[in-house]
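The values are calculated or read from the model by the stated rules, or taken from the named source; none is laboratory data. The model shown is predicted, which means the values in this text are computed figures rather than measured ones. Cβ atoms come from the backbone with ideal geometry, glycine included; neighbour counts cover every protein chain shown. Ligands, DNA and RNA are stripped out before the accessible areas are found, and what is left, the full protein with its side chains, is counted by its heavy atoms. Shrake-Rupley method; radii C 1.70, N 1.55, O 1.52, S 1.80 Å.
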Amino acid sequence: MSDPRITSSIFTRGAVDLSALRTPAPSSAPAQSGPPAGAPGGAVGGVTVIDVTEATFQSEVLERSLNTPVVVDFWAEWCEPCKQLSPVLERLAVEGGGAWVLAKIDVDANPRIAQMFRVQSIPMVYAVVGGQPIDAFAGVVPEAQLRQWIQAVLKAGGVSVAAPSDPRLDEADDALMNGDLDAAERAYRKILAESPADAAAEAGLAQVGLARRVAGADPQAALATAAANPDDVDAQLLAADIEVLSGLAEQAYKRLVDTVRRTTGDDREKVRQHLVGLFTIAGPEDPAVASARRALASALF
C-alpha cells in the first residue's frame, strides 16, 4: 500500500479513465444526494457510508470527492475476503464522522464501473480525491495499516483531522493503568506486530518494563542506596526508574549519563540501553530527551 501524497503515477498515465462515467447513464432512478433508503451511513458529520451504482457514481463519488475524500470499496456477495474488509471500512468511516465517505460498489451489479477501474480481483479499494483516483490497494490489510492509509488519503485531500483513538491502544492502556502488566504487554506487542513503528505502543511497552522493575521497591531506600554507592550500576538503574515515575525524568537521565561516563564495557552498554528505554517512554519530541541524547552522545564519544 502506498502513500497517495507521493504515488499516483499509474493514474497520471491514464490507467484509469473515468470520463465515460461522468455523465450518468439513462436511469429511471434519480441521482441521490445522500445514502439510498436502507443504506448504512449518516450519523455524526453527515453521510459516511453509501451504496453506489452507475446511475449515482457521478454525484456520489466524482462530485462528492471535490469536497470530501471518497474511498471506493469494490465488493461482491460471494467474496469471503470482502466480508472481512468491508465491515472494518464501514466502522472506520462512521468513526471518521464525515471526514471521508465510503462508497460501496457491488461489482456484479455494476460491472461497467469495475471495468473502468480495471478491477481484476476483490476486495479492491480506491481513494478518489478531487474527482480523480489517487491510490489503491487490493486484498485484506490489517486495521492499523488501513488507518494509516486513510489518514494519508485525508492529508492528500487537504483534510485536517485529529487521528481517531485506537481502541487497541485504549485497551492496552487500560490494562496498564489497572496493573495487569501481562495483559498490557500482550496488547502492546500485538499492536507492534501489526505496526512495528507505532510509537505509542513502544512507549506503552517500555512503561510495562518500568513498572515491573520498580515493583516492590522502597523508593527512599533505593535512592539512598544509589547515593551511597555511585559505582553500583544496578542501584543507579533502579534509582533512575524511580525518578522517572516520580516525574523527575531529567534527573534520571542525568544520573544515567553520569553513570555512562564512569563505566566501561558491558556495564556501560547496560546503562546506555536502559537510558534509551527510558527515552522511549517520553518519546523523541520531548525536549528533555533531546538534551539527554546529546549528553549521552558526548559521554560515549
Inset, instruction - Compute the accessible area per residue over the stretch 91-147, keeping the other protein chains in place, probe 1.4 Å, unit Å². - result: 37 Å²
Legend entry - Set of lysines near Lys254 by C-alpha distance (under 21 Å), chain-local residues within fewer than 8 positions excluded: Lys270
Legend entry - Around Gln207: net Lys/Arg minus Asp/Glu count, Cβ-Cβ under 12 Å: -2
Legend entry - Sum of side-chain charges, Val52 neighbourhood, beta-carbon under 11 Å (Lys, Arg +1; Asp, Glu -1): -3
Inset, instruction - Can you bin the stretch 131-257 into rounded, prolate or oblate? Criterion: square roots of the alpha carbon gyration tensor eigenvalues sorted a ≥ b ≥ c, rounded for a/c under 1.5, prolate for a/b above b/c, oblate for the rest. - result: prolate
Inset, instruction - Rank by packing, highest mean first: peptides 166-177, 209-220, with packing defined as the count of other Cβ atoms within 10 Å averaged across residues. - result: 166-177, 209-220
Inset, instruction - Using a 1.4 angstrom probe on heavy atoms only, work out the carbon and sulfur share of the accessible area of the stretch 112-225 in %. - result: 51 percent
Legend entry - Hull shadow area, averaged, the stretch 227-301 [alpha-carbon convex hull, nm²]: 4.4 nm²
Legend entry - Rounded accessible area per residue of the stretch 194-286, 1.4 Å, Å²: 51 Å²
Inset, instruction - Sort Ser246, Ser195 from largest to smallest accessible area, using a 1.4 Å probe on the heavy atoms of the protein chains. - result: Ser246, Ser195
Inset, instruction - Could you tally the net charge around Arg272, taking each other residue with its Cβ under 12 Å from the Cβ of Arg272, Lys/Arg +1 and Asp/Glu -1? - result: +1
